[in-house]
Amino acid sequence: MEIFGLLWDGIVQAAAPNILAGTFLGIIIGLLIGALPGLGPSAGVAIMLPVAVGFGGTAAIACLAGVYYGSMFGGAITSILLGIPGDAPSVMTVLDGYPMAQKGEAGRALGMSVFASFIGGLIGLIGLVVLSVPISRAALAFGPTEMTALMCFALSLVSVLGGRNVIKAFVALAIGFWLGMIGIDPIAGPARFTFGQMDLFEGLDFSVVAVGLFGLAAMFTTLTVSIDKRLASFSLRSLFPQIRDAISSRWELFSGSLVGFIVGVLPGVGATAATMLSYAVAKRFSRHPERFGTGIVEGIAAPEAANNSASYASMIPLFTLGIPGSATTAVMMGGLLMIGLQPGPLLFVNNPDFVWTVFGSFWVGNIALVFLTLLLTPALAAILFVPTALLYPMVLAVVAFGVYAIEYSTASIFIAVLAGVVGVVLTKLDYPAVPLILGLVLGPMLERNIRRTLIQSQGDVLIFVQHPIALTLFLLTIAALFIPVILKLLNKNKIPADEADI
Amino acid sequence: MMNMTRSALWSRSRAALAGAMCAGALLAAGPASAAYPDRDITMIIPFGVGGGSDVLARTIGNVISELKLIPVKILPENRPGGSGAVGYSAVAKQKGSPYTIATVSVSFFTTPLQGGSPVSYRDFTPLAAIAQSPYILVVPASSEYKTLDDLKKAKRLTTGTVGVVSDAALLARMTSKALGVQIDAIPFDGEGEVMSALLGGHVNIAYFNPSEVLPQIQAGTLRALAVSSSQRVPALKDVPTFTELGAPIVHTQIRGLVMPKDVPAEAVTYWEGVLKKVAESDAWKKQYVDRFHDVPQFLDSKAFGAAIVETSNRYETLMKELGIIK
């Protein structure tokens with residue numbers, strides 16, 4: 001295999017001191033930015049851009065990419081320990097990670113996130129190296145019509161995430177859709193629901209809402225309970241990762257990586273949607289779906305594998321076609337231009353050394369991150385020994401800074417606090433917060449692509465069934481929605497006593 | 001560390017602003033303008049770090065300090081939010097102060113027209129323009145359309161744009177009128193998505209800045225049909241302009257700088273001089289013009305002001321035609 005020879009040369013090249021230094025700086029900054037609630041990979045890469053460009057050439061891009069995939073490792077830390085998503089792609093990690101930490105299994109949960117990030121990264125990297133050219137061409141087949149179908153399919157899968165009360169889940173989803181519409185109408189032009197506020201003109205920042213809805217809401221809720229309540233018993237063992245978790249959740253790791261990779265390659269979808277889809281897939285095909293969300297390692301494995309896999313996959317269109325598919329890769333493209341390279345279809349042909357060395361640095365970085373984060377895990381998990389009365393004020397200060405730093409805007413802090421209050425109300429009324437978040441991420445993509453498709457077809461809705469890929473996805477959507485219902489009806493006939501699950 | 005730098009910048013810029021107000025008062029009070037500028041200049045970038053506007057503004061700042069064209073420092077400060085409204089409002093608020101500067105962008109025109117900003121171009125003083133960025137009309141290499149004339153044969157075309165009101169949308173409208181063919185613009189969320197849609201065959205044509213399409217043209221995946229400037233672009237010598245092909249279309253993105261309204265005339269003259277030197281310098285050519293394949297062209301305050309009014313009117317007409325504003 002010629003590819004592996006090239007890759008090996010790349011890894012050797014990437015071990016050169018300056019590139020190694022760039023990679024390490026990148027991953028450490030990435031870890032920190034990922035762990036800081038609010039700031040995510042796109043902000044991190046943008047902040048590092050002027051610094052990294054100073055390293056010149058390959059080291060610069062190795063550094064920027066390191067920030068990107070490093071943040072995918074870092075995002076899980078606060079999601080698990082505090083229930084505050086460190087960045088948008090780690091929102092789903094809160095669902096099982098935080099309950100595990102509350103049960104006293106923080107180290108185990110963090111360990112799982114490291115394994116998952118590593119495996120997801122590994123599968124993403126193998127895909128990047130072996131499949132990049134054919135898969136980037138295949139991704140181009142996804143136009144607005146296909147994207148609409150894909151979003152419908154995604155929503156049909158994530159319908160399992162709604163919790164027990166279907167009506168309440170749909171209400172939360174609708175609120176999410178509505179929140180996603182705030183800001184300038186991307187297709188027709190006028191501003192919607194901004195009430196003349198300039199800060200709402202660009203819409204709500206997903207990470208700001210997620211930090212409020214999950215993290216701040218969790219902290220606000222604890223105001224109503226006795227603050228000296230001891231957390232569940234800790235053992236020293238609970239601070240350490242357990243390798244057997246990785247083996248027991250191998251299926252979630254694999255499916256998460258695969259979903260992350262496929263979704264990550266598609267332009268404009270992104271790692272956040274990939275984590276939602278992978279979590280839903282893991283839950284749907286699990287033998288014990290009811291345990292998802294209660295604090296199980298499988299619930300961490302799927303989204304954490306997906307976001308790392310997606311971070312590598314989203315670089316494929318950039319390196320092979322010169323197309324930035326996400327905000328983060330757009331900034332990286334700026335980096336390529338600034339170091340004097342022309343990102344485009346000829347990058348592989350004209351600068352093969354550069355590309356393979358950068359890819360090599362990804363392998364070095366991925367492995368370095370595993371050791372780094374595994375070493376840090378016990379120390380991080382010990383944070384939970386800090387009394388709440390001290391911990392929460394510190395965390396609140398960090399959260400306020402992280403949210404402010406996204407756009408240097410105090411309005412973001414206000415929005416986060418408001419989202420926190422909404423989160424408390426939702427919890428008290430037993431409305432699930434997850435569908436709201438899904439609506440906020442997937443809603444705008446669905447809306448935009450429906451409207452783009454209809455401009456393309458001049459209002460003819462038949463276009464949705466005329467495109468084969470779209471048609472297939474719509475059929476899968478119908479199957480995903482109705483097969484469980486049918487199965488449930490059949491099962492009910494067999495076991496009429498089983499009513500506890502409704 | 002980054003944050004400390006940032007807060008240091010903040011307090012410095014605060015001090016600069018306070019100083020600027022005093023200086024403004026002095027300037028108004030007497031002929032003390034010989035000392036201008038005696039404080040650091042704050043360059044407000046109304047967008048995030050790493051974007052096109054950020055690179056432009058910082059490059060201009062670098063060139064000015066490299067060539068030592070002014071005796072004080074230029075302090076770049078990113079004030080993103082509200083599609084440019086936050087940053088541009090911050091500039092306009094310093095009415096009369098010649099110590100705050102900003103570059104213009106598409107949002108400089110479109111956000112106020114869309115009702116998203118309390119300030120419009122009327123709240124600024126144009127200083128000078130130093131370059132223009134043309135747009136290239138491209139089709140996929142596999143497309144049946146080989147020339148601009150071929151587009152007339154189409155019953156209907158689709159194009160991708162970034163945002164509803166954008167230069168690409170404007171150019172699509174102009175092309176449609178000039179060729180007499182229906183062109184429907186589909187707004188996407190970024191140049192990358194438009195490129196994907198074009199290469200994937202989901203739209204027929206698209207308009208890009210030269211640096212965005214040159215690699216694709218060189219790789220043979222896209223074909224350039226026409227360029228929107230009044231003269232050909234050096235990097236694409238074989239590509240004719242729209243006017244050469246008989247279509248009356250000239251529209252470029254103007255790279256220029258503005259200050260708040262009512263700054264002293266001496267300050268405007270001063271900056272015209274500085275920016276003329278920037279526009280003619282090798283450093284500017286190397287660091288920006290050659291890299292992004294812009295067309296170097298200097299416009300003084302008056303000509304730039306006229307271009308601003310013309311550009312804003314073009315967008316306004318487009319938005320009226322699209323039914324976005326009345």
Discussion item. So, in the range B:173-210, how many residues would count as being farther than 18 Å from A:SER457 by Cβ and in a helix (DSSP H, G or I)?
Written reply: 15
Worksheet item: Can you name the residue in the range B:60-102 that is among the polar types (S, T, N, Q) and closer than 30 Å to A:SER412 by Cα and, of all such residues, is modelled with the lowest pLDDT?
Response: B:SER83
Discussion item. Among (1) touching a Leu at 6+ places or on another chain (Cβ under 6 Å); (2) of a type in the set (Gly, Ala, Ser); (3) part of a helix (DSSP H, G or I), there is one condition A:GLY293 misses while meeting the rest; what is its number?
Written reply: (3)
Item to complete: Only residues that are surrounded by fewer than 14 Cβ atoms within 10 Å (Cβ to Cβ), within 14 Å of another protein chain (Cβ to nearest Cβ) and hydroxyl-bearing (Ser, Thr, Tyr): list them for the range B:142-184, please.
Response: B:SER142
Item to complete: Please state which of the following conditions B:ALA226 fails to meet, knowing it meets all the rest: (1) more than 11 Å from every other protein chain (Cβ to nearest Cβ); (2) surrounded by fewer than 21 Cβ atoms within 10 Å (Cβ to Cβ).
Response: (2)
Worksheet item: Is it true that A:LEU179 is in a helix (DSSP H, G or I) and modelled with pLDDT of 85 or more?
Response: yes
Fill in: Unmet criterion (only one of (1) assigned to a loop (DSSP other than H, G, I, E, B); (2) more than 30 Å from A:THR224 (Cα to Cα)) for A:TYR431
(2)
Discussion item. So if I check each of B:GLN287, B:GLN297, which one is of a type in the set (S, T, N, Q), farther than 27 Å from B:GLY190 by Cα and either surrounded by 21 or more Cβ atoms within 10 Å (Cβ to Cβ) or at pLDDT below 90 (or both)?
Written reply: B:GLN297
Discussion item. For the range A:299-322, check the following and say yes or no: at least one residue is closer than 17 Å to A:VAL45 by Cα and at pLDDT below 85.
Written reply: no
Practice prompt. Quickly run through the range B:43-82 and pick out the residues that are more than 19 Å from the chain's Cα centre (by Cα) and either touching a residue at least 40 places away in the same chain (Cβ under 8 Å) or in a strand (DSSP E or B) (or both).
Written response: B:GLU66, B:LEU67, B:LEU69, B:ILE70, B:ILE74, B:LEU75
Practice prompt. Return the total of residues in the range A:447-467 being out of contact with any strand residue (DSSP E or B) (no Cβ under 9 Å at 6 or more places or on another chain), surrounded by fewer than 22 Cβ atoms within 10 Å (Cβ to Cβ), under 23 Å from A:GLY183 (Cβ atoms) and touching a residue at least 40 places away in the same chain (Cβ under 8 Å).
Written response: 2
Worksheet item: Here is a list of conditions, (1) touching a Gly at 6+ places or on another chain (Cβ under 9 Å); (2) more than 22 Å from A:PRO17 (Cβ to Cβ); (3) facing chain B (nearest Cβ under 10 Å), and A:GLY335 meets all of them except one; can you say which number that is?
Response: (2)
Practice prompt. Check whether at least one residue in the range A:184-202 is free of Cβ contacts under 8 Å to residues at least 24 places away in the same chain, buried (at least 18 other Cβ atoms within 10 Å of the Cβ), outside any helix (DSSP H, G or I) and more than 8 Å from chain B (Cβ to nearest Cβ), and report yes or no.
Written response: no
Practice prompt. Could you grab me the full set of residues in the range B:110-126 that are more than 9 Å from chain A (Cβ to nearest Cβ) and free of Cβ contacts under 8 Å to residues at least 40 places away in the same chain?
Written response: B:PRO112, B:VAL119
Worksheet item: Looking at this structure, is A:PRO444 buried (at least 18 other Cβ atoms within 10 Å of the Cβ), under 21 Å from the mean Cα position of the chain (by Cα) and not in a helix (DSSP H, G or I)?
Response: no
Practice prompt. Go through A:GLY26, A:GLY30 for me and flag whichever is in contact with a Cys (Cβ under 7 Å, 6 or more places away or on another chain) and modelled with pLDDT of 90 or more.
Written response: A:GLY26
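The rows are residues; the columns are (1) of a type in the set (Asp, Glu); (2) within 25 Å of A:ILE187 (Cβ to Cβ); (3) touching a Ser or Thr at 6+ places or on another chain (Cβ under 8 Å); (4) assigned by TED's automatic domain parsing to the domain that holds B:PRO264.
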site	(1), (2), (3), (4)
B:SER107	no, yes, yes, yes
B:PRO112	no, yes, yes, yes
B:ASP123	yes, no, no, yes
B:ALA129	no, no, no, yes
B:ASP149	yes, no, no, no
B:ALA154	no, yes, no, no
B:VAL164	no, yes, no, no
B:ALA168	no, yes, yes, no
B:ALA172	no, yes, yes, no
Worksheet, complete the sentence: Those residues of the range B:185-203 which are facing another protein chain (nearest Cβ under 7 Å) and of a type in the set (Asp, Glu) amount to B:ASP189, B:GLU193
Worksheet item: Going by the conditions given, is A:ILE483 within 13 Å of chain B (Cβ to nearest Cβ) and either surrounded by fewer than 19 Cβ atoms within 10 Å (Cβ to Cβ) or part of a helix (DSSP H, G or I) (or both)?
Response: no
Worksheet item: Within the range A:165-183, restricting attention to residues that are over 16 Å from A:GLU447 (Cβ atoms) and touching a residue at least 60 places away in the same chain (Cβ under 8 Å), which residue is nearest to the other protein chains (Cβ to nearest Cβ)?
Response: A:ALA172
Item to complete: Hey, can you tell me all the residues within the range B:127-149 that are touching a residue at least 60 places away in the same chain (Cβ under 8 Å) and farther than 30 Å from B:PHE109 by Cα?
Response: B:PRO140, B:ALA141, B:SER143, B:TYR145, B:LYS146, B:THR147, B:ASP149
Worksheet item: In the set B:VAL138, B:VAL194, B:VAL165, B:VAL203, which member is farther than 30 Å from B:TYR99 by Cα, in contact with a Leu (Cβ under 7 Å, 6 or more places away or on another chain) and at pLDDT 90 or above?
Response: B:VAL138
Worksheet item: Does at least one position in the range B:301-320 carry a residue that is in contact with a helix residue (DSSP H, G or I) (Cβ under 8 Å, 6 or more places away or on another chain), free of Cβ contacts under 8 Å to residues at least 12 places away in the same chain, surrounded by fewer than 18 Cβ atoms within 10 Å (Cβ to Cβ) and more than 19 Å from B:ILE60 (Cβ to Cβ)?
Response: no
Discussion item. Please verify whether A:PRO317 is crowded, with 24+ Cβ neighbours inside 10 Å, free of Cβ contacts under 8 Å to residues at least 24 places away in the same chain and within 14 Å of chain B (Cβ to nearest Cβ), treating the condition exactly as stated.
Written reply: no
Practice prompt. Find the residue count for the range B:248-283, including only residues that are over 24 Å from B:ASN209 (Cβ atoms) and among the hydrophobic types (A, V, I, L, M, F, W, C).
Written response: 7
Item to complete: Please verify whether the range B:27-36 includes one or more residues that are over 22 Å from B:VAL162 (Cβ atoms), touching a Lys or Arg at 6+ places or on another chain (Cβ under 8 Å) and in a loop (DSSP other than H, G, I, E, B).
Response: no
Worksheet item: Which condition number in (1) among the β-branched types (Val, Ile, Thr); (2) crowded, with 24+ Cβ neighbours inside 10 Å; (3) away from every other protein chain (no Cβ under 14 Å) is the one that A:VAL67 fails?
Response: (3)
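The values are calculated or read from the model by the stated rules, or taken from the named source; none is laboratory data. The structure displayed is predicted, hence computed values, not measured ones. Here Cβ is always computed from backbone atoms with ideal geometry, including for glycine, and neighbour counts include all displayed protein chains.
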